[in-house]
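Below you'll find the structure, written out as structure tokens, and then a few comments.
The values are calculated or read from the model by the stated rules, or taken from the named source; none is laboratory data. Worth saying up front: this structure is predicted, and the values here are computed from it rather than measured. As a convention, Cβ positions derive from the backbone with ideal geometry for all residues, glycine included, and neighbour counts pool all protein chains shown.
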């Protein structure tokens, strides 16, 4: 990976101009730097010198990844040329801000290219270039309430009576509860639907404000793990980055003193995330309150149960699992494409 070193003089035969390298060439250079090649990307760019690929990198959405420079060109302007080209690609694709995840020892090299450090974990750092975080916080600023505020972060796929219970209990304990709905669209229910259902179900709770996370909920889907050794290490780093970003950048601006989560008896990943919150957030001034889940039909209410009943057309079960606003949507023509996708996915499995 890139190390921060003094600039070397420009030499004849130095790389000039970006090209799209062949996949085998890119893989070879990336793996030669101790990185893992990830084939999921929207753009791939490289620099050649004397016919040899000496620098390459990729872009997946607004995330730059797999930045690799041949040892003899580390510390030259090759990094800047490569990253600038990938940023232009992101802007052309409609992104006004780019993310870059890397090892902590490489942060200075990218900060020299006008990236800002947003969050850090022992194994990884997150940097950003563009108006991103400050623009997001400024847009939310008019609605920020001073006092002892709380937060809950949900996916809401879709919004259930369990979510509503969490919101009501949390709202009783704080001056204002900020309910953040994850914007990333990797769920059966699109973000706009999930956000609207959260708003509709909580409209009668006067001290609740529903916000979207924008790109500032770092998910496993967003976080590239090409520079880490294994899945366990990647999961720990992703959670650490996400929680550091929340504690250092989000919570102070919203005066958030407590983050509320539902107890998780079913999903090991969510349970591990709850444990990470309890371990990391209090040290940064944010308490963590784990609230009991509520049951229906002898089992915890979950969005997974809702989706199963939705696919089965079991309206009686749905009535016990979701608020009326969610049920109205599930029974509407607008929900038909979603249930068709879910059924097709189940048939493929």
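Mind checking which residues of segment 292-304 are outside any strand (DSSP E or B) and without any contact (Cβ under 8 Å) to a residue 40 or more places away in the chain?
First pass over segment 292-304, keeping only residues outside any strand (DSSP E or B): 292-294, 297-298, 301-304.
292, 297, 298, 304 - these are the residues of segment 292-304 that are outside any strand (DSSP E or B) and without any contact (Cβ under 8 Å) to a residue 40 or more places away in the chain.
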message: Tell me yes or no: at least one residue of segment 77-95 is over 21 Å from residue 44 (Cα atoms) and either free of Cβ contacts under 8 Å to residues at least 60 places away in the same chain or surrounded by 20 or more Cβ atoms within 10 Å (Cβ to Cβ) (or both).
response: no
query: Would segment 101-115 turn up any residue that is surrounded by fewer than 19 Cβ atoms within 10 Å (Cβ to Cβ) and at positive phi?
result: yes
- request: Would you point out the residue of segment 311-324, among those that are buried (at least 18 other Cβ atoms within 10 Å of the Cβ) and in a helix (DSSP H, G or I), that is nearest to the chain's Cα centre (by Cα)?
  value: 321
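Anything in segment 249-278 that is more than 21 Å from residue 171 (Cα to Cα) and either outside the structural domain of residue 162 (by TED's automatic domain parsing) or within 20 Å of the chain's Cα centre (by Cα) (or both)? List them, or say none. Before you say what the answer is, go through the steps one by one.
First, pick out the residues of segment 249-278 that are more than 21 Å from residue 171 (Cα to Cα): 249, 265-273, 275-276.
249, 267, 268, 269, 270, 271, 272, 273, 275, 276 - these are the residues of segment 249-278 that are more than 21 Å from residue 171 (Cα to Cα) and either outside the structural domain of residue 162 (by TED's automatic domain parsing) or within 20 Å of the chain's Cα centre (by Cα) (or both).
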- request: May I ask you to list the residues in segment 192-229 that are part of a helix (DSSP H, G or I) and either touching a residue at least 12 places away in the same chain (Cβ under 8 Å) or farther than 28 Å from residue 127 by Cα (or both)?
  value: 193, 194, 195, 196, 197, 198, 199, 200, 201, 202
field: Meets criteria (touching a strand residue (DSSP E or B) at 6+ places or on another chain (Cβ under 7 Å) and in the same structural domain as residue 96 (by TED's automatic domain parsing)) for residue 125
entry: yes
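Could you go through segment 230-248 and let me know if any residue there is in a loop (DSSP other than H, G, I, E, B), farther than 23 Å from residue 133 by Cα and within 17 Å of the chain's Cα centre (by Cα). Steps first, please.
Restricting attention to segment 230-248, the residues satisfying the condition of being in a loop (DSSP other than H, G, I, E, B) are 230.
Right, trim to farther than 23 Å from residue 133 by Cα and you get 230.
Within this subset, residues satisfying the condition of being within 17 Å of the chain's Cα centre (by Cα) are none.
There is no residue in segment 230-248 that is in a loop (DSSP other than H, G, I, E, B), farther than 23 Å from residue 133 by Cα and within 17 Å of the chain's Cα centre (by Cα).
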field: Members of segment 116-130 found to be in contact with a helix residue (DSSP H, G or I) (Cβ under 8 Å, 6 or more places away or on another chain) and part of a loop (DSSP other than H, G, I, E, B), listed by number
entry: 121, 122, 123, 124
- prompt: Only one of these conditions is not met by residue 169: (1) at pLDDT below 95; (2) in a helix (DSSP H, G or I). Which number is it?
  reply: (1)
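Give 146, 200, 134 a once-over and let me know the one that is over 22 Å from residue 327 (Cα atoms) and at pLDDT 90 or above. Lay out the reasoning, then the answer.
Values: 146 fails: at pLDDT 90 or above; 200 fails: over 22 Å from residue 327 (Cα atoms).
Just a single option satisfies the conditions, and that option is 134.
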- prompt: Among (1) surrounded by fewer than 19 Cβ atoms within 10 Å (Cβ to Cβ); (2) modelled with pLDDT of 95 or more, which single condition is residue 98 missing?
  reply: (1)
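Conditions (1) outside the structural domain of residue 194 (by TED's automatic domain parsing); (2) over 27 Å from the mean Cα position of the chain (by Cα); (3) within 30 Å of residue 172 (Cβ to Cβ); (4) assigned to a helix (DSSP H, G or I), marked per residue:
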{"site": "329", "(1), (2), (3), (4)": "yes, no, yes, yes"}
{"site": "336", "(1), (2), (3), (4)": "yes, yes, no, yes"}
{"site": "341", "(1), (2), (3), (4)": "yes, no, no, yes"}
{"site": "347", "(1), (2), (3), (4)": "yes, yes, no, yes"}
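With 135, 139, 152 as the choices, which residue is touching a helix residue (DSSP H, G or I) at 6+ places or on another chain (Cβ under 8 Å) and closer than 17 Å to residue 217 by Cβ? Quick ask: steps written out before the conclusion?
Details: 135 fails: touching a helix residue (DSSP H, G or I) at 6+ places or on another chain (Cβ under 8 Å); 139 fails: touching a helix residue (DSSP H, G or I) at 6+ places or on another chain (Cβ under 8 Å).
Criteria check complete, one pass: 152.
Is it the case that segment 51-62 has a residue that's touching a strand residue (DSSP E or B) at 6+ places or on another chain (Cβ under 7 Å), under 28 Å from residue 244 (Cα atoms) and assigned to a loop (DSSP other than H, G, I, E, B)? Give the steps one after another, and end with the answer.
Of the residues in segment 51-62, the ones touching a strand residue (DSSP E or B) at 6+ places or on another chain (Cβ under 7 Å) are 53-59, 62.
After this cut, where a residue has to be under 28 Å from residue 244 (Cα atoms) as well, the list is 57-59, 62.
Among the residues that remain, those that are also assigned to a loop (DSSP other than H, G, I, E, B) are: 62.
Yes, there is a match, as at least one residue in segment 51-62 is touching a strand residue (DSSP E or B) at 6+ places or on another chain (Cβ under 7 Å), under 28 Å from residue 244 (Cα atoms) and assigned to a loop (DSSP other than H, G, I, E, B).
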message: Condition check: surrounded by 20 or more Cβ atoms within 10 Å (Cβ to Cβ), in a helix (DSSP H, G or I) and either touching a residue at least 12 places away in the same chain (Cβ under 8 Å) or over 24 Å from the mean Cα position of the chain (by Cα) (or both). Does residue 308 satisfy that?
response: no
message: Against the conditions (1) closer than 22 Å to residue 121 by Cβ; (2) out of contact with any helix residue (DSSP H, G or I) (no Cβ under 9 Å at 6 or more places or on another chain), where does residue 277 fall short? Just the number, please.
response: (2)
query: Which of the residues belonging to segment 266-300 are within 30 Å of residue 255 (Cβ to Cβ) and in contact with a strand residue (DSSP E or B) (Cβ under 7 Å, 6 or more places away or on another chain)?
result: 274, 277, 278, 281, 282, 286, 287, 288, 289, 290, 291, 293
